[in-house]
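Before any comments, here is the structure.
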Amino acid sequence: METVLKYGTDINSSLELFNKDILELGIIADSKRQQLHPDSEPVTFVVDRNINYTNICSCKCKFCAFYKDKADKDGYVLNYETIKSKLKELVSVGGTQVLLQGGLNENIQLDYYFDLIARMRKDFSNLAIHAFSPPEISFIAENNSLSVEELLKELILRGLSSIPGGGAEILSDEVRSKISPNKISASRWIEVMETAHNLGLNTTATMVIGMGEKPENILEHLFRIRDLQANTGKFRAFILWTSVADSNSCNSYIKQKANEVTAYDYLKTLAISRIILDNIPNIQASWVTQGLKIAQVSLRFGANDFGGTMIEENVVRSAGAKFNKTNAKEIIRYIQKAGFTAAQRDTAYNILKIY
């Protein structure tokens with residue numbers, strides 16, 4: 001514990017972590033994980049689905065291969081009946097959570113969002129609606145002359161359960177100005193999350209590496225998350241991703257940076273994240289970008305959760321992700337082979353079934 005505290009005080013003192021041997025970092029991170037989640041506890045996963053209600057987006061991030069311009073023939077906005085059929089399929093396989101995200105589409109009216117959440121809640125009363133990342137919330141609010149607080153109150157009233165941590169990438173404007181100049185600033189991302197937390201919403205936090213960031217940028221991101229958590233306590237989990245940029249649609253700069261990031265970098269950054277974020281209870285493994293075997297290894301580098309089965313995922317797949325399909329049975333097998341008990345959970349990390 002003394003070792004953990006030594007490196008959890010500020011950015012400068014924590015830079016030394018990046019010079020440490022990866023196995024030493026793994027030991028420290030695993031020790032921290034065991035304090036929060038002893039080996040006797042199960043490693044969890046959730047049965048979920050990602051639905052992207054629109055792919056039309058004005059943000060045009062350099063790492064994104066999913067977005068379309070409003071004039072593109074293959075741009076879309078899903079109607080409720082299409083979304084409803086996807087949710088029926090999710091529920092039929094025991095799903096408990098839907099992750100709903102989309103592009104920043106100025107042509108979508110406010111009523112679309114309100115009606116969508118209200119109808120989802122009416123038709124699927126037991127489903128957790130984990131929807132609208134901070135860039136979406138900020139965009140929808142500004143596009144309709146609302147404050148973030150006003151918008152969130154209306155969405156909560158209609159049935160919003162929680163907010164995902166998408167759109168964070170790296171919470172350092174030095175990096176964001178290069179990779180996503182049209183996206184909200186790091187401070188605005190934190191502001192939206194703080195407002196959500198103050199309204200009683202739980203959220204997740206994410207980070208994406210492989211975008212040309214430096215250790216200082218990574219630590220700036222982690223300490224922004226940690227500081228907000230110290231004030232609100234409403235982040236349920238942290239998820240680390242690696243950039244995927246194999247698609248021809250991705251910017252050449254991003255392709256180069258993404259291809260420089262290895263499983264070694266992922267595991268090292270994951271361990272550092274667990275060490276720094278000692279006030280966030282759960283850390284998810286990223287099988288989607290790293291594959292099931294590295295996700296399995298990550299259970300000894302700070303992760304205690306395997307994330308979701310994601311019976312549908314479009315954004316990372318569009319960028320060229322190779323690991324975009326799995327199922328509960330396969331996740332259970334990998335957790336058990338790592339020496340842990342597996343358990344299905346809900347969005348709030350309540351255990352639903354132990355295997």
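Which one is surrounded by the most Cβ atoms within 10 Å (Cβ to Cβ) among residues in the range 197-210 that are within 16 Å of the chain's Cα centre (by Cα) and of a type in the set (A, V, I, L, M, F, W, C)? Step through it out loud before you land on a result.
To start, the set of residues in the range 197-210 that are within 16 Å of the chain's Cα centre (by Cα) comprises 201-210.
After this cut, where a residue has to be of a type in the set (A, V, I, L, M, F, W, C) as well, the list is 201, 205, 207-209.
Working: L201: 18, A205: 29, M207: 24, V208: 25, I209: 25.
Checked the range 197-210; the qualifying residue surrounded by the most Cβ atoms within 10 Å (Cβ to Cβ) is A205.
Contact list please: Cβ distance under 9 Å, first residue in the range 10-22 and farther than 16 Å from K214 by Cβ, second residue exposed (fewer than 15 other Cβ atoms within 10 Å of the Cβ), pairs at least six apart or on different chains.
S13/K6; I22/Y264
Return yes when L171 is modelled with pLDDT of 95 or more and within 21 Å of S243 (Cβ to Cβ) and no when it is not.
Yes; evaluated as a whole, the condition is true for this residue.
Mind checking which residues of the range 175-215 are within 21 Å of G307 (Cβ to Cβ) and among the polar types (S, T, N, Q)?
Scanning the range 175-215 gives N202, T203, T204, T206.
Just to be sure before I move on: is I129 in contact with a His (Cβ under 8 Å, 6 or more places away or on another chain) and not in a helix (DSSP H, G or I) in the structure I sent? Let's see the steps before the verdict.
Working: in contact with a His (Cβ under 8 Å, 6 or more places away or on another chain): no; not in a helix (DSSP H, G or I): yes.
No; evaluated as a whole, the condition is false for this residue.
Can you tell me which of S147, S162, S133 is hydroxyl-bearing (S, T, Y) and without any contact (Cβ under 8 Å) to a residue 12 or more places away in the chain?
Working: S162 fails: without any contact (Cβ under 8 Å) to a residue 12 or more places away in the chain; S133 fails: without any contact (Cβ under 8 Å) to a residue 12 or more places away in the chain.
After ruling out the rest, the residue left standing is S147.
Looking only at the range 150-188, which residues are assigned to a helix (DSSP H, G or I), surrounded by fewer than 19 Cβ atoms within 10 Å (Cβ to Cβ) and not charged (D, E, K, R)?
Within the range 150-188, the first condition is being assigned to a helix (DSSP H, G or I), and the residues that meet it are 150-158, 173-179, 186-188.
Retained after the next criterion (residues that are surrounded by fewer than 19 Cβ atoms within 10 Å (Cβ to Cβ)): 150, 153-154, 156-158, 173-174, 177-178, 187-188.
Residues satisfying the conditions are I156, L157, S177, S187.
Would you say I137 is part of a helix (DSSP H, G or I), surrounded by 20 or more Cβ atoms within 10 Å (Cβ to Cβ) and under 18 Å from the mean Cα position of the chain (by Cα)? First the steps, then the outcome.
Values: part of a helix (DSSP H, G or I): yes; surrounded by 20 or more Cβ atoms within 10 Å (Cβ to Cβ): yes; under 18 Å from the mean Cα position of the chain (by Cα): yes.
The answer is yes for I137.
What helices (runs of 4 or more DSSP H), lying completely within the range 189-278, carry at least 1 residues that are modelled with pLDDT of 95 or more and touching a Leu at 6+ places or on another chain (Cβ under 8 Å)? Steps first, please.
Details: elements: 215-232, 252-260, 263-276.
So the answer is 215-232, 263-276.
For the range 87-106, which residues satisfy the criterion of being of a type outside the set (D, E) and more than 19 Å from S133 (Cβ to Cβ)? Spell out the reasoning first.
Our first condition is that a residue be of a type outside the set (D, E); within the range 87-106, this holds for 87-88, 90-105.
Selection gives L87, K88, L90, V91, S92, V93, G94, G95, T96.
State whether one or more residues within the range 295-313 are modelled with pLDDT under 70 and not acidic (D, E). Break it down stepwise before answering.
Of the range 295-313, the ones modelled with pLDDT under 70 are 311-313.
From what is left, the residues that are not acidic (D, E) are 311.
Within the range 295-313 (the criterion being modelled with pLDDT under 70 and not acidic (D, E)), the answer is yes, since at least one residue qualifies.
The values are calculated or read from the model by the stated rules, or taken from the named source; none is laboratory data. What you see is a predicted model; the values in this text were computed from it and never measured. Every residue, glycine as well, gets a Cβ built from its backbone with ideal geometry; the counts of neighbours run over all protein chains shown.
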